[in-house]
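As C-alpha cells, the structure follows; a few thoughts come after it.
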Amino acid sequence: MLTAVALFLAVLAPAAQAAPPAANHPILGIWKLTLPDASCSETYRFRGDGTTLVTSAAEVSESRFEIPAKPSARGFYKLVDRYVKGNGKQDCSGAVMKPDASVTHFVRFHPSGTLFVMCAAESFDACIGPFRRVAGQGI
C-alpha cells in the first residue's frame, strides 16, 4: 500500500509545478545588474526549464521561477522565485539565501527588450535595475 501511495505522489508531483515559460518569453536569457557604485554585479540566467542560476558576489544559487505569459494590465509580470540551493556565501548585499525562501517581484521590460526593472509592487516606487540583457551568450 505504501508503495502505491508513493507511486501516486510521484506521478502527481510534476503536475504540481508550474509549466515552464514559452521559448519566446522575454525573461529568458542572461541578465546583469551592476550596483550604482560598480562595486558588485549580479548575473541572472533565466532558463527555459523554469530554473534560474544567479551569481552575486561570492554567492552562486539556483531557484525555480514562475512568470505568466503576458503582463498585467499595468504592464508588469508577476515573478515568483523559490530558492532551491546555493553555496551559502554572501551576495552583493551581504545576505545569505535561506533554503526554500520564496520571493515575489514585479518585472517591467523596456520596449527594446534589452532592459528590465524588478519592483516590489506593480509601480516604480520601489525597484532595482536596470537589468541589462547580456547578448551573445547561451543560457
Please determine whether any residue of region 90-103 is of a type in the set (D, E) and over 17 Å from the mean Cα position of the chain (by Cα).
no
Can you pull out the residues in region 102-133 that are within 17 Å of E66 (Cα to Cα) and in contact with a Leu (Cβ under 8 Å, 6 or more places away or on another chain)?
T104, H105, F106, V107, F109, M118
Matching residues in region 83-126 (among the charged types (D, E, K, R) and either closer than 18 Å to W31 by Cβ or open to solvent by less than 40 Å² (accessible area, probe 1.4 Å) (or both)) number 2
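Yes/no per residue for (1) of a type in the set (S, T, Y); (2) at pLDDT 95 or above; (3) in contact with a His (Cβ under 6 Å, 6 or more places away or on another chain):
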residue	(1), (2), (3)
A101	no, no, no
H110	no, yes, no
V117	no, yes, no
S123	yes, yes, no
A135	no, no, no
Could you check region 16-73 and list, in sequence order, the residues that are more than 23 Å from A95 (Cβ to Cβ), open to solvent by 70 Å² or more (accessible area, probe 1.4 Å) and assigned to a strand (DSSP E or B)?
none
Just checking, does region 5-14 include any residue being at pLDDT 90 or above and not in a loop (DSSP other than H, G, I, E, B)?
no
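The values are calculated or read from the model by the stated rules, or taken from the named source; none is laboratory data. Quantities reported herein were computed from a predicted structural model and do not represent experimental measurements. Every residue, glycine among them, receives a Cβ derived from its backbone with ideal geometry; neighbour counts consider all protein chains shown. Keep in mind that these areas ignore ligands, DNA and RNA; they rest on the heavy atoms of the full protein, side chains included. Shrake-Rupley method; radii C 1.70, N 1.55, O 1.52, S 1.80 Å.
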